[in-house]
Structure formats: C-alpha cells, structure tokens
1. For region 240-253, what are the residues that are open to solvent by 10 Å² or more (accessible area, probe 1.4 Å), touching a residue at least 40 places away in the same chain (Cβ under 8 Å) and not in a helix (DSSP H, G or I)?
2. Being surrounded by fewer than 16 Cβ atoms within 10 Å (Cβ to Cβ) and part of a helix (DSSP H, G or I) is the filter here, so list the residues in region 57-71 that pass it.
3. Of everything in region 142-157, what is free of Cβ contacts under 8 Å to residues at least 40 places away in the same chain and part of a loop (DSSP other than H, G, I, E, B)? Give them in sequence order.
4. Taking region 190-202 as the search range and keeping residues that are crowded, with 20+ Cβ neighbours inside 10 Å and in contact with a helix residue (DSSP H, G or I) (Cβ under 7 Å, 6 or more places away or on another chain), which one is modelled with the lowest pLDDT?
5. Among the residues of region 26-39, which ones are touching an Asp or Glu at 6+ places or on another chain (Cβ under 7 Å) and closer than 18 Å to Asn60 by Cβ?
6. If I filter region 257-267 for residues that are closer than 25 Å to Gly101 by Cβ, among the small types (Gly, Ala, Ser), in contact with a Pro (Cβ under 6 Å, 6 or more places away or on another chain) and not in a loop (DSSP other than H, G, I, E, B), do I get at least one hit?
7. Looking at (1) in contact with a Phe, Trp or Tyr (Cβ under 9 Å, 6 or more places away or on another chain); (2) in a helix (DSSP H, G or I); (3) touching a residue at least 60 places away in the same chain (Cβ under 8 Å), can you tell me which one Asp346 breaks?
8. Given the conditions (1) over 15 Å from Ile89 (Cα atoms); (2) surrounded by fewer than 24 Cβ atoms within 10 Å (Cβ to Cβ); (3) among the polar types (S, T, N, Q); (4) at pLDDT 95 or above, which single one is not true for Thr280?
Amino acid sequence: MTHLWVRAEQRPNEDRTGLTPEGAAQLIARGIEVTVEESRTRIIPIDGYRDAGCSIAPENAWPDAPRDAIIFGLKELPDDGTPLPHRHIMFGHAFKGQHSGRRLLERFKAGGGTLYDLEYLVDEQGRRVAAFGYWAGYAGGAVSLMTWAAQQQGGTCPPVSAYPNKEALLADLAGRLDATGKPRPRAIVIGALGRVGTGAADLCEAMNVQTTRWDMAETASGGPFPEILRHDIFLNCIFARPGTPVFVPQSALTADRALSVIGDVACDPDSDYNPVPVYTQATTWDAPATRVHDTPPLDVMAIDNLPSLLPLESSQDYAGQLLPSLLTLDDPDGGVWARAKTVFNDNIKEV
C-alpha cells in the first residue's frame with residue numbers, strides 16, 4: 001500500500017500545509033495510507049485529520065518513518081547533513097544553481113532517497129500542477145507596501161506575523177498607508193501575467209496603488225530597465241532562470257531614481273541568475289526589509305515563505321490544486337511523479 005507521511009514543518013513562521021483533512025479523506029478512500037504528524041503551528045488542527053481517518057504521529061518523527069513511506073512537506077528540511085533514504089515531496093530549491101541545493105542533493109545521494117520537487121511537478125505541457133504563486137505575490141505586495149509606509153515615516157519595516165485571513169491583512173495595510181499622510185505610491189510589477197504577478201497586482205489594486213504591469217513582451221529586449229527606477233516600488237515576480245535579464249543592477253543604487261522599495265517576491269538571492277543583484281540574503285519575518293542604500297533609501301523585501309502570512313487561504317488553494325496529483329501516488333513511476341523523478345535523476349548525476 002502506498003503510504004504518504006505528512007511531516008510537520010520545521011521552519012520558523014511556517015503554518016501552511018499541502019493537504020487538508022478533506023483531501024486526506026479522498027486519499028484514504030483511494031487506498032493510500034496517510035500519516036499526519038502533530039504540529040504546534042499547522043493552521044489546520046490535527047483533529048480534522050484524525051477524524052478523516054489518518055494515523056497520527058509525533059511531531060518531527062519522519063526520520064523514523066518506514067522506508068517505503070513518501071515524506072510530504074512544503075519547505076526545506078533542517079540543513080543538518082544527515083543522509084536522506086526516503087522519497088520526499090517538498091520544495092527543495094536544488095535545481096536552479098542554488099548553492100545550498102547541492103548540499104541537499106548530497107544528502108539524497110548519501111541516503112539513496114529521491115526528491116520529488118514540488119516546483120517540478122508538471123503536466124504533459126510542462127505547466128506546474130500546483131503553485132503558491134498567487135498568495136506569494138499577494139503577501140509580497142503587502143509587505144513591500146508596509147516597507148514603503150515605514151520608510152515614509154523614517155523607519156524600516158517592523159516584524160510581520162501571520163494573519164487569520166486576507167481581510168485582516170488588508171485592513172492593517174490600509175491603516176499603515178493612511179498613517180503616512182501621503183498619496184499612494186506608484187508600483188511596477190514584472191511578471192504580471194503569471195500567478196505571482198497577478199497576486200501582487202491584485203493586492204496593489206485593492207490598496208488603490210497605481211500599477212504598471214509588465215511581462216515577457218516588455219522585458220524581451222533584456223535589462224536593465226530605467227523605467228523601473230521611475231516607480232516608487234518594484235515587485236519582481238519572475239523566477240530566476242538562465243537568460244533572465246538583470247532588472248536592477250548595482251549601478252541603480254546611486255542613480256537618479258524614485259525607486260525606494262524592491263519587493264523581490266521570487267526571492268532567489270543565492271542563484272547565479274538573480275535578476276536583482278543588489279542584495280545577497282533573504283529577509284525574514286523579524287526583519288522584513290534590508291536597506292541596501294541610505295541616501296536616497298532603497299530597501300529590499302525578500303521573504304522566501306510569503307504565502308505563510310496568509311496560511312489558511314494559501315493552504316486551501318494549494319492543497320486543492322495538488323490533490324489530483326497526490327491521488328496518483330499509487331503509481332509513483334508515472335505521470336507527474338515520473339517527470340519530477342527524471343529532473344532529480346538528471347541533477348543528482350552532477351553531484
């Protein structure tokens with residue numbers, strides 16, 4: 001019997017899940033065994049999974065799970081160097097030149113396990129079957145506007161925390177913007193036709209922020225783009241890959257610009273293809289923005305788990321998208337799983 005083991009997330013400020021109790025019940029009806037770890041942070045209480053018929057395991061017990069279990073989580077595992085003998089479903093961030101990704105692949109090679117990277121679960125046309133992109137863009141736009149509001153009052157963005165729902169987020173954000181006493185800023189979203197960019201643009205529209213929307217056609221000539229510097233806020237919603245142009249180079253720091261906030265929603269600072277090479281580390285919930293230039297100020301927001309600011313909406317949305325693929329786990333050598341395994345095998349050869 002196929003056994004899916006849903007682990008507790010071990011990263012700080014990570015309340016999301018990729019499986020709801022309703023989805024778990026469908027998997028069990030399909031003949032898939034489901035174990036769910038207890039979690040102090042998961043937005044959905046454990047009782048819902050117990051009622052759905054799941055087995056319940058202690059928090060972070062996954063290293064001792066049966067070897068044939070498929071371990072399912074969202075964010076990265078603790079970077080402790082231990083070999084990984086299981087099959088894992090998660091966002092590994094290991095296939096796009098990220099330097100930390102090689103360490104993860106070395107652990108899989110040492111343990112003999114397999115990574116089904118959620119970013120590489122794709123259909124026959126190469127489209128991702130599930131993504132948090134919309135809520136990443138939505139939350140990223142919100143924290144970027146918070147950063148701008150704090151900047152107008154002479155400070156930097158204070159710590160952020162999860163909201164019970166998007167209405168609470170919008171009410172808080174509107175209050176911060178109104179408190180500046182200034183007109184709304186102007187923003188530009190690059191990648192505006194994708195899921196991430198759509199979320200960012202929708203957030204800006206909800207806050208009455210005038211927004212320029214660019215996508216592939218507008219960036220086809222290659223960067224940098226001086227038009228970005230004429231906006232107050234730039235929201236990068238394009239994932240780094242070979243051939244991605246540089247949107248904001250180091251020279252922009254001292255250039256004549258209106259730009260004072262970069263929201264790098266894609267957040268790939270350690271990638272060789274980073275299109276915003278003015279910073280080197282992701283920001284955090286405790287320190288959402290980093291100042292990369294003082295006069296005039298330029299702050300970068302680059303939190304890498306933005307959808308967890310809205311854990312309920314993002315979990316429900318993502319779990320709904322992913323469930324049809326999870327229902328095919330009884331055939332892990334076919335369909336989306338076979339394609340993801342091929343990507344893993346191609347990359348593990350380089351380790």
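1. Initial filter on region 240-253 (open to solvent by 10 Å² or more (accessible area, probe 1.4 Å)): 241-246, 249-251, 253.
If we keep only those that are touching a residue at least 40 places away in the same chain (Cβ under 8 Å) as well, we get 241, 253.
Selection gives Arg241 alone.
2. Pro63, Asp64
3. Of everything in region 142-157, those that are free of Cβ contacts under 8 Å to residues at least 40 places away in the same chain and part of a loop (DSSP other than H, G, I, E, B) turn out to be Gln153, Gly154, Gly155.
4. Residue satisfying both the conditions and the ranking: Gly194.
5. Answer for region 26-39, where residues must be touching an Asp or Glu at 6+ places or on another chain (Cβ under 7 Å) and closer than 18 Å to Asn60 by Cβ: Glu37, Glu38, Ser39.
6. Just the residues of region 257-267 that are closer than 25 Å to Gly101 by Cβ, to begin with: 262-267.
Checking which are among the small types (Gly, Ala, Ser) leaves us with 263, 266.
Restricting the remaining residues to those that are in contact with a Pro (Cβ under 6 Å, 6 or more places away or on another chain) gives none.
Within region 257-267, not a single residue is closer than 25 Å to Gly101 by Cβ, among the small types (Gly, Ala, Ser), in contact with a Pro (Cβ under 6 Å, 6 or more places away or on another chain) and not in a loop (DSSP other than H, G, I, E, B).
7. (3)
8. (4)
The values are calculated or read from the model by the stated rules, or taken from the named source; none is laboratory data. None of the values given here were measured: they were computed from a predicted structure. Every residue, glycine among them, receives a Cβ derived from its backbone with ideal geometry; neighbour counts consider all protein chains shown. For the accessible areas, the whole protein counts, side chains as well, though only heavy atoms, and no ligand, DNA or RNA atoms are used. Shrake-Rupley method; radii C 1.70, N 1.55, O 1.52, S 1.80 Å.
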